[in-house]
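To keep things clear, I will list the structure first and then write my remarks on it.
The values are calculated or read from the model by the stated rules, or taken from the named source; none is laboratory data. Note that this is a predicted model, so its numbers are computed, not measured. Because the Cβ atoms are built from the backbone with ideal geometry, glycine has one as well, and the counts that use them run over all protein chains shown. Heavy atoms of the whole protein, side chains included, go into the accessibility calculation; ligands, DNA and RNA do not. Shrake-Rupley method; radii C 1.70, N 1.55, O 1.52, S 1.80 Å.
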Amino acid sequence: MENCIFCKIVRGEIPANIVYESESVLAFDDVNPMAPVHVVVVPKAHVATLMDVSDKDMMNDMISAVQEVAKIKGIDKRGFRTVINCNEDGGQVVFHLHVHIMGGRKLSDDMG
Ligand code: AMP
Ligand code: ZN
């Protein structure tokens, strides 16, 4: 998608601190971290929201990427939180599917 910010990161048009990359998935540090570790995992192909996912193989790749990122960031043992915001009530701001990975401290129980 031409003007999608995460597509621009995938195409290398906007800088990002890349944490992990596979054929179908990219992971990079969130620019506005909510925790000591805050990474977003995105499919390289543009998919707007979780409700638009049809390629379940791609979601498998996303889960594998989450596991790899957790190991790379050293939060795999102590744990972390994953979040996928979907549409307005879910608080989605960037309409390119992404999984947030947050960790590096004990997170609050408040799910908003
Ligand atoms: P959401 O509210 O789930 O759509 O979250 C979007 C996330 O993308 C927010 O946590 C932003 O801080 C993050 N974000 C926006 N622009 C960038 C960028 N250029 N590089 C990295 N993260 C970004
Ligand atoms: Zn996109």
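A compact table of results
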item	result
Residue selected from the stretch 6-22 under the condition within 20 Å of residue 64 (Cα to Cα) and more than 10 Å from ligand 2 (Cβ to nearest atom), by the criterion surrounded by the fewest Cβ atoms within 10 Å (Cβ to Cβ)	17
Test result for residue 104, more than 16 Å from ligand 2 (Cβ to nearest atom), at pLDDT 95 or above, open to solvent by 30 Å² or more (accessible area, probe 1.4 Å) and at positive phi	yes
Some residue of the stretch 64-81 being more than 16 Å from ligand 2 (Cβ to nearest atom), open to solvent by 60 Å² or more (accessible area, probe 1.4 Å) and among the aromatic types (Phe, Trp, Tyr)	yes
The stretch 68-94 residues that are charged (D, E, K, R), paired with ones that are part of a helix (DSSP H, G or I) (beta carbon under 8 Å, 6 or more apart)	76/67; 76/70
So residue 2, is it open to solvent by 80 Å² or more (accessible area, probe 1.4 Å), farther than 15 Å from residue 94 by Cα and not basic (Lys, Arg)	no
